[in-house]
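Worksheet: one structure, shown below.
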Amino acid sequence: CRVCMSFLCLLGFSPGGGSGFVGRALTRLLKSRGHDITLISRHPGPNRITWDDLSSKGLPPCEAAVNLAGENVLNPLRRWNDEFIKEVTSSRINTTKALVKAISGAEKPLKVWILVTGVGYYRPSLSAEYTEESPGGDFDFLSRLVTDWETAACLPDAAGSHTRQVIVRSGVVLGKDGGAIKQMIWPFWMGLGGTIGSGCQYFPWIHVDDLAGILAHCIEDERVTGVLNGVSPNPCTNSDFTKAFASALWRPAFFPLPSFVVNAVFGPERGVMLLDGQKVFPKHTLETGYNYIYADLASALKNIVS
């Protein structure tokens with residue numbers, strides 16, 4: 001099976017989850033299972049096509065397409081202004097529309113088309129519990145962006161009748177060589193880590209090997225369709241994560257990051273992604289038969305810090 005995978009190198013599609021980071025993990029896994037990979041990137045190279053190639057020549061022959069593209073919303077070096085908002089939006093909507101157009105025009109219908117979005121679709125809450133069936137996507141800029149993003153991924157009836165369509169709403173991606181851990185490990189290693197804001201907010205997380213595993217599961221299991229939550233089945237709070245991460249590193253965590261600092265650095269529109277959270281469960285993901293490698297935080301962090 002040949003898989004076409006799009007990503008903008010080193011740009012994150014969700015808090016702590018760079019598409020280059022996830023893309024590398026997924027590429028390794030799929031190659032180990034005998035799949036051939038073509039990457040759609042901004043830069044040409046072996047086994048790659050550019051977005052211009054996609055627009056002019058269409059998709060190369062393949063059976064699956066996975067879209068991981070998206071500008072990193074939580075880039076602290078970028079101000080939250082109209083220019084950045086436009087980049088955040090276009091890197092998701094425009095790339096998705098380009099892929100939908102190419103998939104619809106392919107000579108041979110694809111078997112499956114997968115879009116990775118985020119759990120920002122669900123309204124932050126200290127008490128609500130969310131599954132794939134829960135409502136959302138209509139309460140702030142980022143949630144509406146997820147709705148528009150997922151809507152843009154819908155194939156026309158002619159193509160959709162032959163191609164399975166899957167959406168994976170990812171949580172914060174944890175792993176050894178990128179994502180959220182890469183940003184957090186040095187402050188924690190130096191004993192300067194701590195909770196963010198109150199620490200009571202939920203922290204929907206997933207190990208990168210499990211996110212890659214879920215995507216491979218979607219490609220290989222013809223029964224999988226619809227929305228899947230790409231999160232651990234054992235949710236935790238930011239405080240729980242902070243204590244577990246500090247413990248795994250044998251370091252203290254006595255330096256909380258106050259809410260006003262988070263809002264000063266990221267702005268209130270993005271600060272909510274760190275200061276508020278959602279208790280999300282992967283109900284449909286488990287029902288499809290996916291077996292987690294790292295279902296609990298302790299085992300995930302043990303792997304990451306080893």
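The values are calculated or read from the model by the stated rules, or taken from the named source; none is laboratory data. Bear in mind that the values here come from a model prediction, so they are computed numbers and not experimental data. So basically every Cβ, Gly included, is an ideal-geometry build from the backbone, and we count neighbours across all protein chains shown. Calculation scope for accessible area: heavy atoms of the full protein, side chains included, ligands and nucleic acids excluded. Shrake-Rupley method; radii C 1.70, N 1.55, O 1.52, S 1.80 Å.
Looking across segment 278-289, the residues that are surrounded by 21 or more Cβ atoms within 10 Å (Cβ to Cβ) and under 14 Å from VAL224 (Cα atoms) come down to PRO282, THR285.
Applying the set (1) of a type outside the set (Val, Ile, Thr); (2) in a helix (DSSP H, G or I); (3) at pLDDT 95 or above; (4) under 26 Å from LEU297 (Cβ atoms) to LYS182 leaves exactly one unmet item: (3).
Candidates LEU228, LEU286: the one that is assigned to a strand (DSSP E or B) and under 25 Å from LEU30 (Cβ atoms) is LEU228.
Taking the conditions exactly as written (modelled with pLDDT of 90 or more, surrounded by fewer than 16 Cβ atoms within 10 Å (Cβ to Cβ) and touching an Asp or Glu at 6+ places or on another chain (Cβ under 9 Å)), does SER127 satisfy them or not? The answer is no for SER127. Would you confirm whether any residue within segment 146-168 is open to solvent by less than 10 Å² (accessible area, probe 1.4 Å) and under 18 Å from ALA298 (Cα atoms)? Scanning segment 146-168 turns up no residue that is open to solvent by less than 10 Å² (accessible area, probe 1.4 Å) and under 18 Å from ALA298 (Cα atoms). In segment 55-82, the residues that are more than 30 Å from HIS162 (Cβ to Cβ) reach residues that are among the aliphatic types (A, V, I, L, M) and in a loop (DSSP other than H, G, I, E, B) with C-beta atoms within less than 6 angstrom, at least six apart or across chains, in these pairs: GLU71/LEU11; ASN72/LEU11.
For GLY136, the conditions (1) open to solvent by 60 Å² or more (accessible area, probe 1.4 Å); (2) more than 20 Å from CYS1 (Cβ to Cβ); (3) part of a loop (DSSP other than H, G, I, E, B); (4) not aliphatic (A, V, I, L, M) are fulfilled apart from (1). For segment 153-185, a residue qualifies if it is in contact (Cβ under 8 Å) with a residue 60 or more places away in the chain and of a type in the set (Gly, Ala, Ser), and the qualifying residues are ALA153, SER170, GLY171, GLY175, GLY178, GLY179, ALA180. VAL265 falls short on exactly one of the conditions (1) modelled with pLDDT under 95; (2) part of a loop (DSSP other than H, G, I, E, B), and that condition is (2). With respect to (1) in contact (Cβ under 8 Å) with a residue 12 or more places away in the chain; (2) assigned to a loop (DSSP other than H, G, I, E, B), the lone exception for TRP250 is condition (1). Scanning segment 252-277 for residues that are touching a Phe, Trp or Tyr at 6+ places or on another chain (Cβ under 8 Å) and surrounded by fewer than 17 Cβ atoms within 10 Å (Cβ to Cβ) turns up GLY267, GLU269. When segment 185-204 is filtered for residues that are touching a strand residue (DSSP E or B) at 6+ places or on another chain (Cβ under 8 Å) and either assigned to a loop (DSSP other than H, G, I, E, B) or not aromatic (Phe, Trp, Tyr) (or both), the ones remaining, listed by number, are GLY194, THR195, ILE196, GLY197, GLY199, CYS200, GLN201, PRO204. From the list ASP210, ASP240, the one residue that fits, being of a type in the set (D, E, K, R) and open to solvent by 40 Å² or more (accessible area, probe 1.4 Å), is ASP240.
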